[in-house]
Amino acid sequence: MNVGEGSAAPPQPGESGDELIAEAVRRLRAGAVVAFPTETVYGLGADAESESGVAAIYRIKRRPRGHPLIVHVPDRAGADYWAEIGPRAAALIAAFWPGPLTLVLARRSGVSSLACGTEITVGLRCPSHPVARKLLAAFVAAGGHGIAAPSANLFGRVSPTSVEHVVDDLGADTPLLLEGGDSEHGVESTIVDLSRGFPALLRPGSISAAQIEAVLEEPLEGPGAAAPRVAGALAAHYATATALELVAPQRLAQRVAQCRQRGERIAVWSRLRPEAAAGASWEPAPADPVAYARRLYATLRRLDAQALERILVEEPPAEPEWAAVRDRLGRAQAGAGTHLSRSGSAGT
Ligand code: AMP
Ligand code: MG
């Protein structure tokens, strides 16, 4: 599937994947945006060195200009262009690239800062999704150095993990959209900041803090050690329009009963269906954090579309492997109900 953009003739159905990639590269190099799949979520990409491309990302997403964008590169050599790779970064790159790990590094002087907001750093990631890899390889072969790409959704909202989510969010602004199936991980990349002389975890993701620490052979500082300069670090982010409440497992039955007594239209997302939820919308929650993460945003979007008054989510376990899911659900709860729409004013 592809959706054509504005004046440029959209590629016709039947065109091969390679032709679509070539068209996407032409558009990127001409300063336009394209949407593409990654193993984490779908991205809205622009040439990181193109003023009009980067501006289009901020405009379409309604993202405040100060929030930097992750620059995607095809490999370690691609990262060398943007930043000096020290021993910590080299070790993490060797261990986890291509994959869902973003490194925040001191930016080389002289390289473009267009994608970096107000930061003196650059955020670099090398995605593993085959379509993203093809796109990056062709883009670099055409003279590019990096594709700046945040998630292809409106700022503050739940990230897209399928082409349908991208179209639902971006509507008429949907650019050429490369298809790549449902996202494998379903939550955004782990972000590690190496720009401060000590390694800090800025955002949990499917590569865990323990995995990073094992490679670095030193502890990671928590996000508190670093300034909250990640859009996804805002307390309210990844939000549903419907009120969302995280409820401890032992309180769930009682909370469901309360809401039902008040006649609220609710959905319950929990491992077991509480008796009081009979007749209410119920979603079985995966017991495995990987499966839960993969389904997280699609489930939130589906429940959000049901015209409910409240979504009750059973708190996932406190174990470290649930860190990314807990982080996203906590922010969804904080932002829920601050309705962002294409016509409304941008919130968080
Ligand atoms: P998102 O695009 O929402 O997945 O967020 C990725 C995050 O990576 C952004 O919110 C950025 O704050 C962070 N990031 C990207 N580039 C930089 C940078 N140059 N310095 C610090 N953080 C960055
Ligand atoms: Mg995002």
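What follows draws every value from the coordinates through simple rules; no lab data is involved. All of these numbers come straight from a predicted model, not from anything done at the bench. Glycine gets a Cβ as well: all are built from the backbone with ideal geometry, and neighbour counts include every protein chain shown.
The table for this structure:
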{"item": "Förster-model FRET efficiency, 41 Å R0, ARG265 and ALA141, C-beta, rounded to 0.05", "result": "0.20"}
{"item": "Karplus (6.51, -1.76, 1.60) ³J(HN,Hα), θ = phi - 60°, over region 295-307, in Hz, Gly and Pro reported as x", "result": "8, 3, 6, 4, 5, 4, 5, 5, 5, 5, 7, 8, 6"}
{"item": "Contour excess over end-to-end distance, with Cα ends at ARG29 and ALA214 and 0.36 nm allotted per residue", "result": "62.7 nm"}
{"item": "Over the chain: helical MRE at 222 nm, DSSP H runs n ≥ 4 each giving -39500 (n - 2.57), nearest 500", "result": "-9500 deg cm²/dmol"}
{"item": "Semi-axis lengths (Å, descending) of the ellipsoid that matches the C-alpha gyration tensor of region 81-177", "result": "26, 16, 15"}
{"item": "Considering only region 60-197, percent of DSSP beta bridges that pair antiparallel, nearest 5", "result": "55"}
{"item": "Chain lengthening between ALA257 and GLU164 when straightened (0.36 nm per residue, less Cα-Cα)", "result": "30.0 nm"}
{"item": "Taking N as its residue count, the alpha carbon Rg of the chain over 2.2 N^0.38 Å", "result": "0.99"}
{"item": "Percent antiparallel among DSSP beta bridges (both partners in the chain, rounded to 5)", "result": "45"}
{"item": "Estimated FRET transfer efficiency (ALA90, ARG59; beta-carbon r; R0 51 Å; 0.05)", "result": "0.90"}
{"item": "Among LEU178, LEU312, LEU272, residue whose mean-square fluctuation peaks in a GNM of the chain (springs only between Cα atoms under 10 Å)", "result": "LEU272"}
{"item": "Net charge over other residues, Cβ less than 12 angstrom from the Cβ of HIS185 (K, R count +1; D, E count -1)", "result": "-1"}
{"item": "Sum of side-chain charges, ARG125 neighbourhood, beta-carbon under 14 Å (Lys, Arg +1; Asp, Glu -1)", "result": "-1"}
